[in-house]
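I have placed the structure first, in the form of structure tokens, so that the comments after it can refer back to it.
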Amino acid sequence: MRGRIDAGAGAAVAALIAASAAGAEPVPRERVEAAAAEIGAMAEALVAGGAAPGMAIVVVHQDEVVYLQGFGLRKVGATEEVDGDTVFQIASMSKPISATVVARLVGEGLLDWDTRIAELDPGFRLHDPYPSAEVTVRDLFNHRSGLPGGAGNDLESVGFDRDLVLRQLRLVAPSSSFRSGYAYSNAGITAGAVAAVRPTGKDWETVADEMLFAPLGMTSTSYRYDAFAGRDNAAALHVPGVEGGWEARIQRDATTQAPAGSVSASARDLARWMRLELNEGAFEGVQLIDPDALAATHVPLFARGLNPVTGEQSFYGLGWNVGFGRNGVSWGHAGAFSVGGRSVVTLWPEAELGIVALANAFPTGAPEVIADSFADLVFEGVVAQDYAAAWDAIYAGLFGPDIDAAIARYAAPPDPATPALPAAAYVGTYANAYVGDAVVSEGPDGLTLAVGPEGRTRWALRHFDRDTFVYFPDPEMPTRPSAAQFRVGPDGKAASLELETFADTGWGALDRADR
């Protein structure tokens, strides 16, 4: 099952959720505490077994923190240990937090979930006129605008800022007709969030601080990368080492897509946010967010299919995954940086229960192992399956086949390979409206390609065959090659350049601009 849920069906589902919650039996505290103790032991074993250098877990129940613990090391090679106040980069788990921020704005009457982006930001455009005029904040937070999932990610990767990335979305052809398809989009969430704060006259990061983090006392939480980088008690990102184990060798600044992926927070702070969500926008006696504005984020709007491990039906609301399974309704989201971070939040509103699990490594399924095992223990009394094997396989397979195929494709040039033309045939400036300039120059070590603002991103071009060169553009996946294909004109010089990096958004072809 995969597709849009119309307004009538959505209301019916919401009514079923409310009826289910009204009749749900409370979960005994002792059962929650016993389950928390078991997953604590499980987390210790996972870290000891190399699933991640460090983890943090927090459990809330009936508006109280009942478990908060850190495990392992903040950084391999150092001695500092993870605790409940260690700040992690939570990647896409930022999305439901962003939905909470916008819900506060909606509750304050500054906009509605169905406010058109054109009313908030008249300069914003999608590829086609009708979606540009009609797309709403709800559409963008539900990933149903028609934007391809990867739109803008390629521009971010070469250093372009948020304003440029959002402006260039108008050049990307849709992957589906408006509101008929679901495509998970960092740029889409970012566009919706940035437009939503325009009535305040402030930037996204400031609004989040003032409208959510400060009122909740989330003192170590921020969308600003500089705030994370300045923390003493912070978890480094880790990826598999060349000789085994984990290495902290890459940093990730997600400022460009801040609403979609740049929150950094401690488990202790995230407990406060979970309590707000489970209490319908109230926190410690204060109704911070209008209940209806917040409830809108939890309504399932698009069917995403079945959970690949539990088999439960999964939908997407506004920044939230909404699940229906043997344990009732759940709200959740995962986060992942392929340079070394993982996170998971799951809330069971009927049981007034929630868990966050954070890990400073990728690939690893450790956070899902903890969250799914915890659910089984609380609701069933026993862990139903080997979640570690299942989730580790899923995360290992996210990029593995793609990387392996690219490596195999360019592992060795044809035999015999055709020599390249003299370097002068390729040197020059190539451009298109989406990428801007791409400059090929010759140096002592061969050809180099420079892209991004002021050409700050530079890739060495390694000859493969005749007019095809290979480069390695992604520090998150440093072993995955991409191709640069020159097309040579009758004058013996390259007339155009095809870059695989930008092909998915339809803008891989760049014409020579310096004739």
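The values are calculated or read from the model by the stated rules, or taken from the named source; none is laboratory data. Fair warning: this is a prediction, and the values are worked out from it, not measured in the lab. Counting neighbours? That spans all protein chains shown, and the Cβs are built from the backbone with ideal geometry, glycine included.
Scanning region 65-80 finds one or more residues that are farther than 22 Å from residue 241 by Cβ and buried (at least 24 other Cβ atoms within 10 Å of the Cβ).
Scan region 247-297 for residues that are buried (at least 21 other Cβ atoms within 10 Å of the Cβ), touching a Lys or Arg at 6+ places or on another chain (Cβ under 8 Å) and closer than 18 Å to residue 228 by Cβ and the total you get is 9. Of everything in region 166-218 that is assigned to a loop (DSSP other than H, G, I, E, B) and β-branched (Val, Ile, Thr), the residue that is farthest from residue 509 (Cα to Cα) is 197. Checked against the criteria, residue 448 does not count as among the hydroxyl-bearing types (Ser, Thr, Tyr) and assigned to a helix (DSSP H, G or I).
Scanning region 298-343 for residues that are touching a strand residue (DSSP E or B) at 6+ places or on another chain (Cβ under 7 Å), within 20 Å of residue 89 (Cα to Cα) and of a type in the set (S, T, N, Q) returns 321, 343.
Considering (1) assigned to a loop (DSSP other than H, G, I, E, B); (2) modelled with pLDDT of 95 or more, the lone condition that residue 242 does not fulfil carries the number (2).
Number of residues in region 166-193 that are surrounded by fewer than 24 Cβ atoms within 10 Å (Cβ to Cβ) and among the polar types (S, T, N, Q) equals 5.
The residues on offer are 422, 416, and the sole one that is modelled with pLDDT of 95 or more and surrounded by fewer than 13 Cβ atoms within 10 Å (Cβ to Cβ) is 422. Taking region 482-515 as the range and being of a type in the set (Gly, Ala, Ser), closer than 27 Å to residue 416 by Cα, surrounded by fewer than 16 Cβ atoms within 10 Å (Cβ to Cβ) and in contact (Cβ under 8 Å) with a residue 24 or more places away in the chain as the test, the residues that pass are 492, 496. One residue stands out in region 315-332 among those that are in contact with a helix residue (DSSP H, G or I) (Cβ under 7 Å, 6 or more places away or on another chain) and either on the phi < 0 side of the Ramachandran plot or part of a loop (DSSP other than H, G, I, E, B) (or both): the one that is modelled with the lowest pLDDT, namely 327. Does region 61-73 include one or more residues that are assigned to a loop (DSSP other than H, G, I, E, B), on the phi > 0 side of the Ramachandran plot and modelled with pLDDT of 95 or more? Yes, the conditions are met somewhere in region 61-73.
Only one of the listed residues (163, 112) is charged (D, E, K, R), surrounded by fewer than 24 Cβ atoms within 10 Å (Cβ to Cβ) and assigned to a loop (DSSP other than H, G, I, E, B). That residue is 112. Is it the case that region 255-267 has a residue that's of a type outside the set (Lys, Arg), modelled with pLDDT of 95 or more and part of a loop (DSSP other than H, G, I, E, B)? Yes, that holds for at least one residue.
The lone criterion from (1) in a helix (DSSP H, G or I); (2) buried (at least 21 other Cβ atoms within 10 Å of the Cβ); (3) among the β-branched types (Val, Ile, Thr) left unmet by residue 364 is number (1).
Once region 372-400 is narrowed to residues that are over 18 Å from residue 49 (Cα atoms), assigned to a helix (DSSP H, G or I) and free of Cβ contacts under 8 Å to residues at least 60 places away in the same chain, the residue that is farthest from the chain's Cα centre (by Cα) is 376.
Residue-by-condition table, conditions (1) assigned by TED's automatic domain parsing to the domain that holds residue 315; (2) within 30 Å of residue 269 (Cα to Cα); (3) modelled with pLDDT under 95; (4) of a type outside the set (Gly, Ala, Ser):
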| site | (1), (2), (3), (4) |
| --- | --- |
| 104 | yes, yes, no, yes |
| 138 | yes, yes, no, yes |
| 142 | yes, yes, no, yes |
| 147 | yes, no, no, yes |
| 161 | yes, yes, no, yes |
| 191 | yes, yes, no, no |
| 202 | yes, yes, no, yes |
| 209 | yes, yes, no, yes |
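Residues in region 120-135 that are out of contact with any Ser or Thr (no Cβ under 6 Å at 6 or more places or on another chain) and either surrounded by 15 or more Cβ atoms within 10 Å (Cβ to Cβ) or among the aromatic types (Phe, Trp, Tyr) (or both): 120, 121, 124, 127, 130, 131, 132, 134.
Could you please let me know if residue 479 is surrounded by fewer than 17 Cβ atoms within 10 Å (Cβ to Cβ), out of contact with any Cys (no Cβ under 9 Å at 6 or more places or on another chain) and closer than 27 Å to residue 250 by Cβ? Yes, satisfied.
The set of residues in region 277-314 being modelled with pLDDT under 95, of a type in the set (Ser, Thr, Tyr) and closer than 21 Å to residue 189 by Cα consists of 314 alone.
Filter region 367-405 for residues that are charged (D, E, K, R) and within 21 Å of residue 246 (Cα to Cα); which is surrounded by the fewest Cβ atoms within 10 Å (Cβ to Cβ)? This residue is 404. If you go through region 464-476 and pick out every residue that is crowded, with 17+ Cβ neighbours inside 10 Å and not acidic (Asp, Glu), you end up with 6. Is one or more of the residues making up region 227-234 in the same structural domain as residue 332 (by TED's automatic domain parsing), in a helix (DSSP H, G or I) and among the acidic types (Asp, Glu)? No: region 227-234 contains no residue that is in the same structural domain as residue 332 (by TED's automatic domain parsing), in a helix (DSSP H, G or I) and among the acidic types (Asp, Glu).
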